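The values are calculated or read from the model by the stated rules, or taken from the named source; none is laboratory data. Because the structure is predicted, anything quoted here is derived from the model rather than measured. Cβ placement follows ideal geometry from the backbone for every residue including glycine, while neighbour counts extend to all protein chains displayed. In case anyone asks, the SASA skips ligands and DNA or RNA and just uses the protein heavy atoms, side chains included. Shrake-Rupley method; radii C 1.70, N 1.55, O 1.52, S 1.80 Å.
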Amino acid sequence: MTESIINLDSINPIEFFGVNNGKLDLLKKKFPLLKILSRGTQLKLSGSPEEVATAEEKISQIVKYLERNGNLTENYFEQILGDEEGTRVDHFSDRNPNEVLVFGPNARTVRARTANQKKMVALADKNDIVFAIGPAGTGKTYTAVALAVRALKNKAVKKIILTRPAVEAGESLGFLPGDLKEKIDPYLRPLYDALDDMIPAEKLSYYMTNRIIEIAPLAYMRGRTLDNSFIILDEAQNATDLQLKMFLTRIGASAKAIITGDLTQIDLPKNQKSGLEKASRILRNIDGIGSVQLDEEDVVRHRLVKAIIRAYEADKEKD
């Protein structure tokens, strides 16, 4: 007797099990000699080694299809189960180029929604470091966090590190109430918000408590080596040249990094210069480093945000 536990964290379990467990029932009919139990996002198989191995292969095919396409009809689910070795069709061609990156709580799907967001995903798949630069509302941070969560769920990395420069935007940290964490947390709130959309609250709390997901100001990165991690430096336009160099040289051999920023919203003091433009410019031709420029066409917030960005750009050109 062999037992196997399969985690379905990378997909929407409702799409796998089906409405009223309709697809799960199909799986049980296909393998009547197996004991198949579902619990949350896990599937437990018990039976002979040969039967378990065959079922694992079929389930793997279904999971890969759902990772690429997001949904699967009962007919196609049954068709995959019925395929014999040697006659298997290619279920994993890009039938849906708008690939789901993460399935969040309440069956929420997170995917790249615009051309440049999709380019960002493609660059992150091919490169270890990616610069994503563009105005507010273009989904830079959200897409980057989705890529990090996907990598963690797929066990491509062991942890996620999210960081931002703690730079005042018209307010002083010293005048804010609370201890250091309470003062800094508001700067990191957009990162928490993105994670809330992608990971159930209980699991997110576990990840944070066990430092599998770490959110910290950029200054806390000094002296560290960040390996086996997916690292995001957000709001990088507020990092100085020396800070960006420090961050980029922290990256370990088995790590990926995305640097996001908006060069039109620099909050540094007048005597300090942003290092983002220089870093993206001098590093763009290095193999393994990608760069994408997002614009108002990538805005996925309120429809007026796109018009606001255009108005500011037009006014800037007058100066």
Pairs Lys140/Lys245; Lys158/Lys306; Lys155/Lys270; Lys153/Lys273; Lys158/Lys273: which exceed 32 Å Cα-Cα? Lys158/Lys306; Lys155/Lys270; Lys153/Lys273; Lys158/Lys273
Rounded Å value of the spacing that divides the Cα centres of the stretch 29-75 and the stretch 208-229: 36
For Lys30, the lysines lying under 25 Å Cα to Cα, once residues fewer than eight places off in the same chain are dropped, come out as Lys44, Lys58, Lys64
Keeping all protein chains in place, calculate the accessible area per residue for the chain (probe 1.4 angstrom), answer in Å². 54
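At 37 °C and a viscosity of 0.692 mPa s, what translational diffusion coefficient does Stokes-Einstein give for the stretch 2-51, taking Rh as the Kirkwood radius over Cα pairs? Give it in µm²/s as a whole number. Write out the running numbers ahead of the final one.
On the way: Rh = 11.2 Å.
So the translational diffusion coefficient is about 293 µm²/s.
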Suppose each label sits 7 Å from its Cα in the direction of the beta carbon; what would the Arg189-Lys35 distance come out to in nanometres? 5.1
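Express the Stokes-Einstein translational diffusion coefficient of the stretch 265-319 in µm² s⁻¹, to the nearest whole number, given a Kirkwood radius over alpha-carbon pairs, 10 °C and a viscosity of 1.306 mPa s. Display every interim value, and only then the final one.
Working: Rh = 14.1 Å.
The Stokes-Einstein estimate is 113 µm²/s.
Given 0.36 nm per residue, what is the gain on full extension from Glu56 to Ala311 after removing their alpha carbon distance, in nm? Intermediate results must be reported in sequence, preceding the final value.
On the way: separation 255, 0.36 × 255 = 91.80 nm, distance 5.51 nm.
Value of the extension gain: 86.3 nm.
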The alpha-carbon pair-distance distribution computed for the stretch 211-319, with 5 angstrom bins and whole-percent values, is 2, 10, 18, 20, 19, 14, 10, 5, 2, 0
Using every alpha carbon pair in the stretch 184-231, what percent of pairs falls into each 10 Å bin from 0 up to the bin containing the largest distance? 22, 54, 23, 1
Under a plain spin-label model, where a point goes 7 Å from the Cα along Cα-to-Cβ, how far apart in nm are Arg108 and Gln42? 2.5
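How much length is gained if the chain between Lys318 and Ala216 is pulled fully straight, taking 0.36 nm per residue apart and subtracting their Cα-Cα distance, in nm to one decimal?
Contour length minus the Cα-Cα distance gives 32.8 nm.
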I need two numbers for the chain: Rg to one decimal and Dmax as a whole number, Cα atoms only, in Å. 22.5, 76
Any DSSP H helix in the chain with Cα axial reach of 18 Å or more and mean Kyte-Doolittle score of at least 0.0? Listed by number, the hits are 140-153
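Figure the gain on full extension for Ile5 and Asn20 (residue separation times 0.36 nm, minus the Cα-Cα span) and round it to one decimal in nm.
Details: separation 15, 0.36 × 15 = 5.40 nm, distance 2.15 nm.
Contour length minus Cα-Cα distance gives 3.3 nm.
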